[in-house]
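Inspection log for the structure reproduced underneath, given as C-alpha cells.
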Amino acid sequence: MRILLCTDGSEHGQAALRFGSLIARASSRPATILGVLEDPNERALLDRALAQGQEWLAGAPAPELKVRKGHPAEEILKEAAAGSYDPVVLGARGRRGITRFLMGSTAERIARHSELPVLIVRGWLPKIEKVLICTAAGKPGLAAVETGGKLASLVGAKVTVLHVMSQVPATYLSTRGLEDLEGRADELMAHGSREGLHLKQALALLGDMGVKARARVRHGLVVDEIMDEACGQPYDVVVIGTHIAAGWMRFLLEDVTRQLITCIDRAILVAKAPADARESH
C-alpha cells in the first residue's frame, strides 16, 4: 500500500498526516508527503509541517516529500493521478474556511473526482482498531469491502460489515422477502437471500485477507442508519463506497455520499469501484 499524505500546514492538515502515519508505518512501501502551498508567504510554515510529518513516520520507509503550488483540490488530484497511490489521505478542514481543506469544498471535491480511495481525517487516534465497512449489494459493494479490508489487514483492525435494507422492489414483496427484510445478518445469510449471499461474499473476502469480521444489518433510511451505527459505536474508520449510475439516480447517490462525508464525525474512507463494476452497475 503506497499512501499519499496531504497537508497545507494547518492543524487539520497535520492531523491527517499524523493519522496517516499509522497506516504508513505499517506499510512496506514508502509514503509520499505532499505539501500544498497556496500562499507563497507560508513556505516556512509548510516546511515545518513537512518536517514534523517525517518525524511521525520514523520507523517507516523514508517518505518522499513533494510540494505543489496552487489550489489544494487541483494539486492533490494532479498528484493522485500521477502516482500509484492507495489511498489519498487529507484533513477535513483547514485554517482559512473555504480556501483550504473545507468539507463541502476541497475534501468533497477530491473524494468525488479522484479515481483512488480517499481517506478524510478528523482528528488523530493512537491506533486504528475498529473499521466499519458500509456495503451495498453487487460489485461496487464488494469494492468497498476490499478497500476497507486492505486497510484493516494492514493495521490489524477488526471489521464490521454493515448493510442497510431500506426499500423493497415490488417484485420482491413475497412472504420470503418480508422475512428477509426483518431478518438479522445471520438469518439473511442462512436464507440465501441476495443480501445474505452478498454478506457471505464480503466475510469470505475479508477472511481471505486475514481480517476478523462480522456482519450487521440495519433497516431504515440509508443515511440515517449508517450515521447511527457509525456514531453510536467506537469505530475509528468508516468505509463508504461510491456508486455509478445514470440519470437522476446519479445525483441521488452522490447526495447520499456527500451527506455521509459531511455528517459522520469519524475518519471516512471513500472507496472507488473498479471500471468493470461501474459499467455493470
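Return the pairs, sorted by first residue and then second, in which the second residue is of a type in the set (D, E, K, R) and assigned to a helix (DSSP H, G or I), the first residue lies in the stretch 43-56 and is within 19 Å of residue 19 (Cα to Cα), the beta carbons are less than 7 Å apart, and the residues are 6+ apart or on different chains.
Within 7 Å, the pairs are 56/18.
Of the residues 108, 115, 146, 129, which single one is of a type in the set (Asp, Glu) and within 14 Å of residue 238 (Cβ to Cβ)?
129
Which one is farthest from residue 84 (Cα to Cα) among residues in the stretch 14-31 that are open to solvent by less than 50 Å² (accessible area, probe 1.4 Å) and in contact with a Phe, Trp or Tyr (Cβ under 6 Å, 6 or more places away or on another chain)?
Looking at the filtered set, the residue picked out is 15.
For the structure I just gave you, tell me whether residue 78 is of a type in the set (D, E, K, R), under 21 Å from the mean Cα position of the chain (by Cα) and loosely packed, with under 15 Cβ neighbours inside 10 Å.
yes
Restricting attention to the stretch 40-48, does a residue exist that is in contact with a strand residue (DSSP E or B) (Cβ under 8 Å, 6 or more places away or on another chain) and closer than 22 Å to residue 267 by Cβ?
No, every residue in the stretch 40-48 fails to be in contact with a strand residue (DSSP E or B) (Cβ under 8 Å, 6 or more places away or on another chain) and closer than 22 Å to residue 267 by Cβ.
Does any residue of the stretch 97-116 turn out to be aliphatic (A, V, I, L, M), assigned to a loop (DSSP other than H, G, I, E, B), at pLDDT 90 or above and under 17 Å from the mean Cα position of the chain (by Cα)?
yes
Just to be sure I understand the filter: pairs with C-beta atoms under 9 Å, separated by 6 or more residues or on different chains, first member in the stretch 138-162 and farther than 16 Å from residue 241 by Cα and basic (Lys, Arg), second member outside any helix (DSSP H, G or I) and modelled with pLDDT of 95 or more. Which pairs pass?
Between residues of the stretch 138-162 that are farther than 16 Å from residue 241 by Cα and basic (Lys, Arg) and residues that are outside any helix (DSSP H, G or I) and modelled with pLDDT of 95 or more, the close pairs are 158/129; 158/130; 158/131; 158/211; 158/212; 158/213; 158/214.
Here's a check for you: in the stretch 1-58, which residue that is within 20 Å of residue 128 (Cα to Cα) and among the hydroxyl-bearing types (Ser, Thr, Tyr) is farthest from the chain's Cα centre (by Cα)?
Filtering first and then ranking leaves 28.
If you go through the stretch 148-159, how many residues are surrounded by 24 or more Cβ atoms within 10 Å (Cβ to Cβ) and either among the polar types (S, T, N, Q) or part of a helix (DSSP H, G or I) (or both)?
Selection size over the stretch 148-159: 4.
Which count do you get for residues in the stretch 33-75 that are open to solvent by 70 Å² or more (accessible area, probe 1.4 Å) and on the phi > 0 side of the Ramachandran plot?
Number of matching residues: 1.
The values are calculated or read from the model by the stated rules, or taken from the named source; none is laboratory data. None of these values were measured; they are calculated from a predicted model. Please note: Cβ atoms are built from the backbone with ideal geometry, for glycine as well, and neighbour counts cover all protein chains shown. Areas reflect the complete protein model, heavy atoms only, side chains present, ligands, DNA and RNA absent. Shrake-Rupley method; radii C 1.70, N 1.55, O 1.52, S 1.80 Å.
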